[in-house]
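Working notes, structure below.
The values are calculated or read from the model by the stated rules, or taken from the named source; none is laboratory data. Not measured: the values here are computed from a predicted model. Neighbour counts run over all protein chains shown; Cβ positions are idealised from the backbone, glycine included. Heavy atoms of the whole protein, side chains included, go into the accessibility calculation; ligands, DNA and RNA do not. Shrake-Rupley method; radii C 1.70, N 1.55, O 1.52, S 1.80 Å.
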Amino acid sequence: QVPLVESGGGLVQAGGSLRLSCAASERTFSSPAVGWFRQAPGKEREFVAGILWGSGYPYYADSMKGRLTISRDGAKNTVYLQMNSLKPEDTAVYYCAAGYAGLGSGNPKSANYWGQGTQVTVSS
């Protein structure tokens, strides 16, 4: 398994912000796309945001549209997910994945690598 590590999660009050990071090896981010997914207890995994590595073109899930900014830093082999105006329903484990281009727009079957996840908890 090629290292792919999320960080930046934590406990935040409703309305607050968090910035998640996904750091990977050069090999991992040679993948065309990176995606963020989340999973809450008892719920299905859902797409949050994605980005095409080469162009930086972003994709956002409707559930969080307007509250997210995804970006990448090629020099650091890192993808960032800025999350603002967080709500209690955003509470979940957030996972970063790297893989084929379809991953950027939300297809988890396009993932070749998955991180271990980072917990985001939003209190009311």
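Quick notes on this structure:
- Residue count, segment 78-124 (criterion: in a helix (DSSP H, G or I), farther than 11 Å from Ala33 by Cβ and open to solvent by less than 30 Å² (accessible area, probe 1.4 Å)): 1
- Scanning segment 51-77 for residues that are open to solvent by less than 30 Å² (accessible area, probe 1.4 Å) and in a strand (DSSP E or B) turns up Ile51, Leu68, Ile70.
- Segment 28-48 - residue that is among the hydrophobic types (A, V, I, L, M, F, W, C) and farther than 22 Å from Ser123 by Cα and, of those, modelled with the lowest pLDDT: Phe29
- The set of residues from segment 28-50 being of a type in the set (Ser, Thr, Tyr) and either open to solvent by less than 50 Å² (accessible area, probe 1.4 Å) or touching a Gly at 6+ places or on another chain (Cβ under 9 Å) (or both) comprises Thr28, Ser31.
- Residues that are open to solvent by 40 Å² or more (accessible area, probe 1.4 Å) and among the hydrophobic types (A, V, I, L, M, F, W, C) within segment 1-13 comprise Val5, Leu11, listed in sequence order.
- Qualifying residue in segment 14-27 (condition: at pLDDT 95 or above, outside any loop (DSSP other than H, G, I, E, B) and open to solvent by 50 Å² or more (accessible area, probe 1.4 Å)): yes
- Note on segment 28-50: residues that are assigned to a helix (DSSP H, G or I) and out of contact with any strand residue (DSSP E or B) (no Cβ under 7 Å at 6 or more places or on another chain) total 1.
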